[in-house]
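Okay, structure first, notes after.
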């Protein structure tokens, strides 16, 4: 490509991904070792890898270097990577012991003989790390090819993980279904990428942003580019499990084993959302209305994209919640709930940067941690070496495992938005962002939906705690490893305690600075076209001015046009 | 600092209960709630604004989402403080009333009870919208567990219905609050959720239409919680199925969260929205009073009868609130306190009967005065208080609510015009007769007449329950303080009314002008309206 990217900062920025990738190679090698002790240390090794990557971000990541390396939103990149790594550690922890327990159970029952070479399969964790690595690469993509490869790197290992997570036929079916539909969605957004390339004449996101800003100034994005964007959004919907590409989710989530379901409901989702955010940045998802030198007001998102997202948001929330109401299987219910939460998060995307940005990040954190608590508890249980997945199987387990029932209850409370748990604050931010951006109708739809969701989340609280133990819950015992239960416990504690530190956490995330071609546009305080009654622009500017963190970013945003 | 102690004591006792033995749980809960009561009493004595209105202590602390103005700010005015006192007064009695009724999962029961106490106190004491909402909403969780574990045979559906109805309403309340906060941010430039700031902003800066929708949003939640007439469907089942202690708290305090919300948020925040809806809600109040009285009349289950009577009584509160004059609002606040006392006590009485006879069916009980004179004495007192007999507490609120509605006309010379008509009060007053009818019929059936006891050997059950035929000392000690309070408020309500008055006037500060303007639009000009006030509202 035309622009020269220096190697030094690029490596510095990518160091965490390099560590995770190296870790995945290491894990797959150690996983083949003869000594069982060494093989058993594989999850620990994976966790250490992720911790090392976290350290690399904390020490080595600088927004300037990332900007130099062509990263469009350096701070966003950093936060997304951190979230992925932290939740990733939990996801590794809840899958410990899971792949092998069927085997161990069969051996314990005498159904088969012990085969040391089939115990502890390290490659599972290698795939997990690869997928995490792919998700981490997305928010920092400088061009479309990179974005495409990163999205594929996120998805491909998950297909294998679904297939190997359980020995049942349903898992195979789920994997095949997931793979084919995933390939189709890839085709959809790849076609979108191609059209965007055709319209913009470049694969570099920076250049695309410049081209589309110019196009918007002169009357709007051409049909080719717009079609490309709509196709991309639809393709990403598959990763988000958002309508109209959500149909696979219940079957796949049900077919995969519990920890893998937990993985699927978070990592592809955060990957999809960062890809969506990244792509929308190139067409005005900037939080600032921009005014060209000729005086044309350039509003936030172009109308067709806004309308598409609006419908996706409303449909996803509603279909997800209605679907979840009807389920008998916990995992199908959680799949639909995951769809519904994607819908809420799309609201944050629509609300745009400023509050929308923070709402999205906060919601992702909240959803990731809460998911860990629920899937940690579910993965900590087993029935004859198999997953616990129907509501009947959970009935009355609070009497035997009060801790696990409590994690489930805290998790569902947080998902339904019960104050003072984490999910409530996330929803509060989301509603604030939505109302501020002038999308009160969507917020009301979201509010009704979160009230509807109470019904099925209450079952997840009520069935383990109040139902008498029945025949189907008899054989339910603790899983072989205590890691998942421990991870669930930690996540539940975080769900309860994190709100008290939310202030500090958000304070850090406020100072993201989307880098834009400052030469052609300058930000002004204008009411946008799509939001006639509200003034998000002004509001966000005031927010920026109030925060000491962002003075520098603000300086960069406001002053650069004059300087140039 | 005593205000934080007030919130922490229940939480600390809940933690201690979790770590203690099941047998000790009830005593720890009782001591914890008594300690909370003492702390609240000290707080009330220190409170300087009894007669002047205003909030105390006015501190801003513990930012949770500091950037967005969400601070844990604790403070009360005399209305909040009265409800706080009601809460800490009823809770130890409800706990003591549960001693013999709760025999399983004792630790969990009392721990949830203390958490319930903490969240109710948070809701009444918070000066921040979000923390009010946190307390308001979190009461659902302990109540959900109390009903689901220790409730009657229909406890599952009852708990779920209760939870979903209330949650559904309160998300709209939250949306309305956020809307006001966002509008505040848009025009002022700072985030805040402090009630005082938002009320001031919303009542003066928002347009007619915005105020209308804010009011509708807020009322959706509060109307379901109170409950107003068409949204009461969750209440009978929840009250009926809850354990005695749960019913006492549910009827005595949780329902007041709804009317407190109307008083504290909906009315002051959106005066223009409120006057638009006044007629609608006043009519709903009257329907509640009359229709629910008729429903009560045909009940055979005592607990259900009292539950439906709560909806009917809340109708009076609604009417008083929407009279939009000081008399009506004072009456509404008084009614909130008095209804808490008398209905709470009635649920305790019914619980004592249920523990002895294991039935709540009026057809199976009768003439208990000959067997349980002490119980009958208390039952009669509380029923009469609920009926609104002059000299007992129920009368004060009921009379003031009706009087408020009666004088809520457009041409009131007293300075507080209203949008209602004397006919509203006249029709609502029929509820007094109906109320006396169904409550006295209940009394006649179970207290007087020939002795009827359920089939089976009641005495054998007494032996197993270790309860005497009539009330034991503990039960008398539970009921007596409430009876004394009922009598005291009924005979001399003046201090309470005086304390409420400044707060009420603060709530109504924007109303005379807004109402005059609204009435003028309808062609009803107030001859006594000060001219500059009309101008100010335009």
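Of all residues being within 25 Å of the chain's Cα centre (by Cα) and either closer than 26 Å to residue B:54 by Cα or at pLDDT below 90 (or both) in the range B:159-184, which is nearest to the other protein chains (Cβ to nearest Cβ)? Just the residue, please.
The initial filter retains those residues of the range B:159-184 that are within 25 Å of the chain's Cα centre (by Cα), namely B:159-178.
Then drop every residue that is not either closer than 26 Å to residue B:54 by Cα or at pLDDT below 90 (or both), which leaves B:173-174, B:176-178.
Numbers: B:173: 10, B:174: 7, B:176: 10, B:177: 9, B:178: 5 Å.
Going through the qualifying residues, I end up with B:178.
For the range B:487-511, which residues satisfy the criterion of being outside any loop (DSSP other than H, G, I, E, B) and farther than 20 Å from residue B:264 by Cβ? Walk me through how you get there before you give the answer.
Keep residues of the range B:487-511 that are outside any loop (DSSP other than H, G, I, E, B), which gives B:487-491, B:494-507, B:511.
Of everything in the range B:487-511, those that are outside any loop (DSSP other than H, G, I, E, B) and farther than 20 Å from residue B:264 by Cβ turn out to be B:487, B:488, B:489, B:490, B:491, B:494, B:495.
Answer with yes or no whether residue B:266 is in a helix (DSSP H, G or I), under 22 Å from the mean Cα position of the chain (by Cα), crowded, with 24+ Cβ neighbours inside 10 Å and touching a residue at least 60 places away in the same chain (Cβ under 8 Å).
Numbers: in a helix (DSSP H, G or I): yes; under 22 Å from the mean Cα position of the chain (by Cα): yes; crowded, with 24+ Cβ neighbours inside 10 Å: yes; touching a residue at least 60 places away in the same chain (Cβ under 8 Å): no.
No: the conditions fail for residue B:266.
Which of the residues spanning the range B:512-524 are under 16 Å from residue B:277 (Cα atoms) and either part of a loop (DSSP other than H, G, I, E, B) or touching a strand residue (DSSP E or B) at 6+ places or on another chain (Cβ under 7 Å) (or both)?
Within the range B:512-524, just B:522 meets the criteria.
Of the residues that sit in the range B:294-337 and are part of a loop (DSSP other than H, G, I, E, B) and at negative phi, which one is surrounded by the fewest Cβ atoms within 10 Å (Cβ to Cβ)? Reasoning before the result, please.
Keep residues of the range B:294-337 that are part of a loop (DSSP other than H, G, I, E, B), which gives B:298-300, B:323-325.
Filter again for at negative phi, leaving B:298-300, B:323, B:325.
Numbers: B:298: 9, B:299: 19, B:300: 13, B:323: 31, B:325: 27.
Per the criteria, the residue is B:298.
Do we have residue A:50 as modelled with pLDDT of 95 or more and touching a helix residue (DSSP H, G or I) at 6+ places or on another chain (Cβ under 7 Å) here?
Details: modelled with pLDDT of 95 or more: yes; touching a helix residue (DSSP H, G or I) at 6+ places or on another chain (Cβ under 7 Å): yes.
Considered against the rule, which asks whether it is modelled with pLDDT of 95 or more and touching a helix residue (DSSP H, G or I) at 6+ places or on another chain (Cβ under 7 Å), residue A:50 comes out as yes.
Residue A:441 is checked against (1) closer than 16 Å to residue A:339 by Cα; (2) surrounded by fewer than 24 Cβ atoms within 10 Å (Cβ to Cβ); (3) more than 7 Å from chain B (Cβ to nearest Cβ) and fails just one. What number does that condition carry?
(1)
Could you identify the single residue in B:7, B:83 that is under 30 Å from residue B:321 (Cβ atoms) and either surrounded by fewer than 23 Cβ atoms within 10 Å (Cβ to Cβ) or over 21 Å from the mean Cα position of the chain (by Cα) (or both)?
On the way: B:83 fails: either surrounded by fewer than 23 Cβ atoms within 10 Å (Cβ to Cβ) or over 21 Å from the mean Cα position of the chain (by Cα) (or both).
Only one candidate qualifies: B:7.
Scan the range B:525-538 residue by residue and report those that are modelled with pLDDT of 75 or more and either in contact with a strand residue (DSSP E or B) (Cβ under 8 Å, 6 or more places away or on another chain) or exposed (fewer than 15 other Cβ atoms within 10 Å of the Cβ) (or both).
Filtering the range B:525-538 down to residues modelled with pLDDT of 75 or more leaves B:525-527.
Passing the criteria: B:525, B:527.
As an exercise: evaluate residue B:134 against (1) more than 12 Å from chain A (Cβ to nearest Cβ); (2) under 27 Å from residue A:464 (Cα atoms); (3) modelled with pLDDT of 90 or more and give the number of the one condition it does not meet.
Failed condition: (1).
Do the conditions hold for residue B:475, that is, is it part of a helix (DSSP H, G or I), modelled with pLDDT under 95 and surrounded by fewer than 17 Cβ atoms within 10 Å (Cβ to Cβ)?
Details: part of a helix (DSSP H, G or I): yes; modelled with pLDDT under 95: yes; surrounded by fewer than 17 Cβ atoms within 10 Å (Cβ to Cβ): no.
When the stated conditions are applied, residue B:475 does not pass them.
Within the range A:432-456, count every residue that is assigned to a helix (DSSP H, G or I) and within 19 Å of residue A:307 (Cα to Cα). Lay out the reasoning, then the answer.
Of the range A:432-456, the ones assigned to a helix (DSSP H, G or I) are A:432-436, A:440-456.
Subset that is within 19 Å of residue A:307 (Cα to Cα): A:433-436, A:440-446.
Final tally of qualifying residues: 11.
Pick out the one residue from A:433, A:446, A:398 that is more than 30 Å from residue A:349 (Cβ to Cβ) and within 14 Å of chain B (Cβ to nearest Cβ). First the steps, then the outcome.
Working: A:433 fails: more than 30 Å from residue A:349 (Cβ to Cβ); A:446 fails: more than 30 Å from residue A:349 (Cβ to Cβ).
Step by step, each of A:433, A:446, A:398 is checked, and only A:398 is more than 30 Å from residue A:349 (Cβ to Cβ) and within 14 Å of chain B (Cβ to nearest Cβ).
Anything in the range B:185-213 that is assigned to a helix (DSSP H, G or I) and within 11 Å of chain A (Cβ to nearest Cβ)? List them, or say none.
Listed by number, the residues that qualify are B:185, B:186, B:187, B:188, B:209, B:210, B:213.
Could you list, in sequence order, all residues of the range B:149-159 that are without any contact (Cβ under 8 Å) to a residue 60 or more places away in the chain and surrounded by 21 or more Cβ atoms within 10 Å (Cβ to Cβ)?
Within the range B:149-159, no residue meets the criteria.
Quick check on this structure: which one of A:483, A:425 is facing another protein chain (nearest Cβ under 10 Å) and within 25 Å of the chain's Cα centre (by Cα)? Break it down into steps so the answer makes sense when it comes.
Details: A:483 fails: facing another protein chain (nearest Cβ under 10 Å).
None of the others qualify; the one that does is A:425.
Take the residues of the range A:410-422 that are at the interface with chain B (Cβ under 9 Å from one of its Cβ atoms) and assigned to a helix (DSSP H, G or I): which is surrounded by the most Cβ atoms within 10 Å (Cβ to Cβ)? If you could, list the steps in order and put the result at the bottom.
First, pick out the residues of the range A:410-422 that are at the interface with chain B (Cβ under 9 Å from one of its Cβ atoms): A:413, A:416-420.
Narrowing further to those that are assigned to a helix (DSSP H, G or I): A:413, A:416.
Details: A:413: 29, A:416: 25.
Ranking the qualifying residues of the range A:410-422, first place goes to A:413.
The values are calculated or read from the model by the stated rules, or taken from the named source; none is laboratory data. Small disclaimer: the values here were computed from a predicted structure and weren't measured. A quick note on method: Cβ atoms are made from the backbone with ideal geometry, for glycine too, and the neighbour counts reach across all protein chains shown.
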